[in-house]
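Have a look at the structure below, then the notes.
The values are calculated or read from the model by the stated rules, or taken from the named source; none is laboratory data. Keep in mind it's a predicted model, so treat the numbers as computed, not measured. Cβ placement follows ideal geometry from the backbone for every residue including glycine, while neighbour counts extend to all protein chains displayed.
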Amino acid sequence: MISYLNGKIKNKRQSYIIIEVNNVGYQVFVNSIMYADFDIGQDVEVYTHQHVREDSLDLYGFKSLEDLEMFELLLSISGIGPKSALGVLAVASVNDIKNSISRGDSHLLTKVSGIGKKTAERVVLELREKVGQIIDNKQIIENGGLASGDEIDALMALGYSMQQSRDALRGVDAKIKDSGERIKGALKGLNK
């Protein structure tokens, strides 16, 4: 099992990179965010998941063990394949995915191509307990302003990026529970 690679990027193609390690090239599929961060000739280290099927043997790469663990958790769900799991990690950070699942919010997952509403709800149902053990409820309360998918979508519809929307909603007073008021508060923060 290949679980870690440290080498130089020899080449890049549409959905994968080739990492040269001791004169051997490994094809490693990565999500679009990692792909954009890497340049040919760059020294990299990636944690990998070796996915074995009847007709292929593929490596999927991640910048951190936390990303790899979330990828493997997603793969444990029926209907989620490696490409969909990679897509989830490109849509949001691992913490945002965990928070979304722990709140029972499947909306974030439906943004990924290939994951419909029913599959997203199954992911939330099956992973909620596992993720809930990872995330301490006290931490969720302390973070306050955890945004729902609808609140993020509303801000994104107004032209803000997902990251800007999340950051603005985190800045809203945790005592405000009404979504409309939370969006107004976030807009005030964004328009300063």
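Condition check: surrounded by 12 or more Cβ atoms within 10 Å (Cβ to Cβ), at pLDDT 80 or above and either part of a helix (DSSP H, G or I) or among the hydrophobic types (A, V, I, L, M, F, W, C) (or both). Does Ile176 satisfy that?
Criteria met by Ile176.
Counting only residues that are modelled with pLDDT of 55 or more and outside any loop (DSSP other than H, G, I, E, B), which one in the range 134-156 is nearest to Val88 (Cα to Cα)?
Ranking the candidates gives Gly149 first.
Considering every residue within the range 19-26, establish whether at least one is under 22 Å from the mean Cα position of the chain (by Cα) and not assigned by TED's automatic domain parsing to the domain that holds Lys83.
No, every residue in the range 19-26 fails to be under 22 Å from the mean Cα position of the chain (by Cα) and not assigned by TED's automatic domain parsing to the domain that holds Lys83.
Is it the case that some residue within the range 110-117 is in a helix (DSSP H, G or I), free of Cβ contacts under 8 Å to residues at least 12 places away in the same chain and either more than 23 Å from Gln164 (Cβ to Cβ) or in the same structural domain as Tyr16 (by TED's automatic domain parsing) (or both)?
Yes, there is a match, as at least one residue in the range 110-117 is in a helix (DSSP H, G or I), free of Cβ contacts under 8 Å to residues at least 12 places away in the same chain and either more than 23 Å from Gln164 (Cβ to Cβ) or in the same structural domain as Tyr16 (by TED's automatic domain parsing) (or both).
Listed here are the residues, each with its yes/no results for (1) on the phi < 0 side of the Ramachandran plot; (2) not charged (D, E, K, R).
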| site | (1), (2) |
| --- | --- |
| Ile152 | yes, yes |
| Gly159 | no, yes |
| Arg170 | yes, no |
| Lys177 | yes, no |
| Gly180 | yes, yes |
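Consider Val91 against the criteria (1) over 24 Å from Ile152 (Cβ atoms); (2) modelled with pLDDT under 95; (3) in contact with a Lys or Arg (Cβ under 6 Å, 6 or more places away or on another chain): it satisfies all of them except one. Which criterion is unmet?
Looking at each condition in turn, Val91 falls short on (1).
Scan the range 10-24 and report the pairs whose first residue is closer than 14 Å to Phe62 by Cα and whose second residue is among the β-branched types (Val, Ile, Thr) and not in a strand (DSSP E or B), with Cβ atoms within less than 7 Å and a gap of 6+ or a chain change.
Cβ pairs passing all conditions: Tyr16/Val30; Ile17/Val30.
Mind telling me which of the residues Arg166, Arg182 ends up being in a helix (DSSP H, G or I) and at pLDDT 80 or above?
Only one candidate qualifies: Arg182.
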